[in-house]
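To keep things clear, I will list the structure first and then write my remarks on it.
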Amino acid sequence: ASDLIDAKGEADRLRRENQILSQQVIQNESALRENVQLRALLEYARGPEFPRDYRYRAAEVVGHAPSAFRQAIVVAVGMNDGVQLNAPVVTNDGLVGQVTRVFSNRARVTLITDEQSAVSAIDLRSDATGIVRHGRGAGDTLIFDFVSKKEVVKKDDEIVTAGSTTSELASLYPRGIRIGEVTSVGQTDTDPYKQVQIEPYVDVSSLRSVLVLIPENELVSGP
């Protein structure tokens with residue numbers, strides 16, 4: 001009987017150790033993925049494609065709360081790190097969104113997939129201009145809206161932020177941040193604009209780290 005008790009105790013001990021080891025493996029794999037993503041972000045920030053006239057704060061995503069009505073994340077930087085309201089937020093893949101609330105050590109970022117989000121954008125190939133916003137469907141669908149029928153937009157075209165459009169009013173976003181790729185183009189007789197759908201480059205559902213852009217000089221905020 002004592003042998004059975006000892007065997008059961010040993011089995012329980014081994015089971016607990018196995019659970020601990022399994023958890024450590026998960027934590028190590030998660031840390032490795034975060035490290036790889038952060039390295040990619042920093043290489044992008046030091047490369048030639050990083051927006052001019054901007055510094056950055058690398059930030060861990062500490063909260064992710066997409067819903068049917070609101071899509072936002074919380075990042076672990078804030079006013080104490082120089083983060084400003086309306087600051088653009090990016091990854092090395094493209095545009096994530098903008099800061100819409102700032103606290104001392106945290107900031108809320110509204111994603112480009114949010115229903116209230118709108119970004120002045122341009123077709124990199126044809127220079128067609130429009131507004132990128134959430135589509136009418138569910139999920140992360142984006143549309144390139146208010147594109148005139150006279151403009152040429154084709155499938156697989158790359159859509160990027162347009163930046164400043166007038167000398168009097170500057171865009172919230174610097175020019176040239178990648179947004180997404182055109183997946184379909186259509187038009188009807190009754191709609192004055194083309195119907196353009198795009199696939200965002202950034203998978204907002206799997207964000208772990210981002211870069212919050214900080215202008216070297218204070219910029220005038222606009223739409």
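The values are calculated or read from the model by the stated rules, or taken from the named source; none is laboratory data. It should be emphasised that the depicted structure is a prediction, and the values quoted were computed from it without experimental measurement. Calculation scope for accessible area: heavy atoms of the full protein, side chains included, ligands and nucleic acids excluded. Shrake-Rupley method; radii C 1.70, N 1.55, O 1.52, S 1.80 Å.
Sort the range 48-139 into rounded, prolate or oblate with this rule: let a ≥ b ≥ c be the square roots of the eigenvalues of the Cα gyration tensor; rounded if a/c is under 1.5, and if a/c is not under 1.5, prolate when a/b is larger than b/c, oblate otherwise. Cα axes put the range 48-139 in the oblate bin. Sorting Lys194, Lys150 on solvent-accessible area from highest to lowest, probe radius 1.4 Å, gives Lys150, Lys194. Across the range 114-120, computed HN-Hα scalar couplings (Karplus, 6.51 cos²θ - 1.76 cosθ + 1.60, θ = phi - 60°) run 5, 5, 8, 7, 8, 10, 5 Hz from first to last residue, x flagging Gly and Pro. Converting the Cα gyration tensor eigenvalues of the range 93-214 into ellipsoid dimensions via √(5λ) gives semi-axes, longest first, of 25, 16, 13 Å. To put it simply, the accessible area of the range 56-123 at a 1.4 Å probe is 47 percent carbon and sulfur.
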